Amino acid sequence: MSTGLTRREALGTVAVPAVLTSRAAAQSAPINILWISSEDTSPDLGCYGDSYASTPNLDRLAGEGARYTRAFSVYGVCAPSRSSIITGMYPTAIGTCHMRSQGVPPPYVKCFTEYLRAAGYYCSNNSKTDYNLGQPNRIQAWPLTAWDDCSNRAHWRNRPAGTPFFSVMNLVVSHESQARADEATLRKYRAQLKPEQVHDPAKAVLPPYYPDTPVVCRNWANYYDTVSVMDTMAGQILKQLDDDGLAQNTIVFYWGDHGRGLTRAKRWVYDSGIHVPLIIRWPGRIRPGSVVDRLVSLMDLGPTVLSLAGVKPPEHMHGRAFLGSHEAAPRNYIYAARDRMDETYDTIRAVRDARYKYIRNYHPERPYAQYIDYMDQMPMLKEMRRLHKEGKLNAVQSLWFAPSKPVEELYDCEKDPHEVNNLAGKPEAEAKLKELRAAHLQWMKDYPDLGQLPEAELKAKMRPGGRWEETAAPEITVEGGKVTIKCLTEGSSIAWTAETGENARWRLYTQPFAAPAGKTIRARAIRLGFKDSPETSKPV
């Protein structure tokens with residue numbers, strides 16, 4: 001199977017300018033923005049030149065917009081990756097770098113959707129969060145100031161009339177757990193597909209680091225089946241947009257949160273773990289069928305949405321807008337990392353330019369294939385461990401089971417898209433090795449790397465004595481018919497409502513507002529990494 005930068009060549013397409021009009025062109029009305037995200041998905045789509053894939057809906061979307069060929073996640077696993085997306089910042093710099101950790105970002109760090117809500121957007125999320133920012137006393141699994149609605153009912157259709165929306169639809173069917181689901185579950189998935197969409201394991205074209213056995217091919221085919229089901233779901237969402245007459249005034253993004261959920265992909269900084277599909281349709285602005293080779297980090301998505309909405313991204317964000325009125329200069333490099341994955345520790349950093357990947361292993365004494373209970377439930381990994389023990393893997397397949405790692409790795413991702421031929425130490429690659437090594441070290445100077453600290457030390461630094469700080473209760477005052485709400489905790493945001501019940505819609509407080517007669521104002525304050533405040537109320 002073709003992967004990496006060779007997919008566009010497989011299609012025989014030619015890159016053309018994607019944006020039809022000036023980035024500074026004025027919009028007559030606020031534009032709606034829709035994200036469709038999928039779990040654990042590499043660019044394993046037909047529009048990326050994958051002949052094994054069956055993804056007609058996303059292929060059609062790419063034909064109506066732009067297909068980005070060099071989009072990468074910051075981490076090869078969901079929680080740190082989604083932490084970088086919601087904040088627009090490197091998890092290594094804000095303490096959310098370990099899998100399922102509870103970081104304490106600096107006080108100026110907020111979910112980027114707060115800036116959209118402040119600009120008048122209705123923001124809904126259906127319904128994945130996993131931001132690595134959970135609080136122990138939170139009654140919901142997400143910061144109350146981040147979304148107007150974050151639930152399995154969340155939809156742009158629930159917005160107030162005439163309000164522009166930013167809606168996220170998260171598709172979880174392609175998650176690694178589904179590629180190894182029981183046969184009854186997999187049969188249900190296949191039943192949703194046309195017969196020609198069900199993938200034949202015998203026709204699987206595997207990466208060279210996998211042994212060609214029935215177990216591995218079956219696991220590979222299962223993954224592709226879940227991607228096809230995901231594509232069907234994406235098509236249903238796009239149809240809803242069409243049915244509502246919103247397609248022409250909505251920018252649609254499709255992206256995967258990191259690479260495919262299979263062995264030596266998810267959790268790793270190889271392209272199999274961080275190279276993701278990114279498709280954007282913007283009617284009248286993006287040329288249909290265009291191909292964009294610009295380097296993009298998923299951390300850039302939030303700043304780009306703000307830019308498209310006419311909101312200048314905050315200076316503290318590390319992400320760069322790549323579209324809209326505040327578009328930034330293109331990147332020369334993207335950066336990626338690996339830290340603790342579930343119960344297993346490692347520290348790996350990576351830098352990639354348009355062609356080459358540099359990897360720095362800070363624990364070369366630790367093997368690649370450390371045991372992780374959740375990861376080791378994958379059938380193909382069980383098969384590979386068995387074959388390795390029996391001495392039946394070839395040299396390339398055995399690389400991942402080496403007892404230690406090299407300190408540095410360097411790959412030509414154009415000639416070697418599977419990253420199995422390490423060029424570090426080769427005379428012909430010395431100049432590129434020095435360049436990317438220097439870029440890595442400069443990145444660590446520019447964005448201090450908290451992942452280099454032992455996690456116990458990092459936790460003690462963020463929460464001395466293991467104590468969670470609590471956001472101060474907001475103060476509500478009513479004067480001259482206006483409601484003012486304040487919180488003394490630095491960096492806090494305030495949510496308020498005049499509604500009652502568990503389905504009350506909480507609004508983001510941005511400025512004093514007219515007091516609703518006969519109502520009771522309820523308010524809560526939130527700072528990321530702190531306990532939420534107690535609720536305050538005041539009749540008006």
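No value in this document is a laboratory result; all are computed from the given coordinates. No experiment lies behind these values; they were computed from the predicted model shown. Positions of Cβ are backbone-derived with ideal geometry, glycine not excepted, and every protein chain shown enters the neighbour counts.
Annotations for the structure displayed:
- Neighbourhood net charge (9 Å Cβ-Cβ; Lys/Arg +1, Asp/Glu -1) for Ala66: +3
- Checking the cross-link pairs Lys266/Lys461; Lys194/Lys415; Lys357/Lys392; Lys312/Lys415; Lys110/Lys459 against a 27 Å limit on the alpha carbon distance flags Lys266/Lys461; Lys194/Lys415; Lys357/Lys392; Lys312/Lys415 as lying beyond it.
- Hits among aspartates and glutamates - C-alpha to C-alpha of Lys486 under 17 Å, sequence gap 8 or more where chains match: Glu114, Glu470, Glu475, Asp532, Glu535
- Convex hull volume per residue for the chain, taking Cα atoms only, in Å³: 154
- Over 17 Å [Cα-Cα, the range 475-539], rounded percent: 37
- Ranking of Arg352, Arg117, Arg386 by neighbouring Cβ atoms within 10 Å, starting from the fewest: Arg386, Arg117, Arg352.
- Among Tyr48, Tyr333, Tyr75, the order by Cβ neighbours within 10 angstrom, fewest to most, reads Tyr333, Tyr48, Tyr75.
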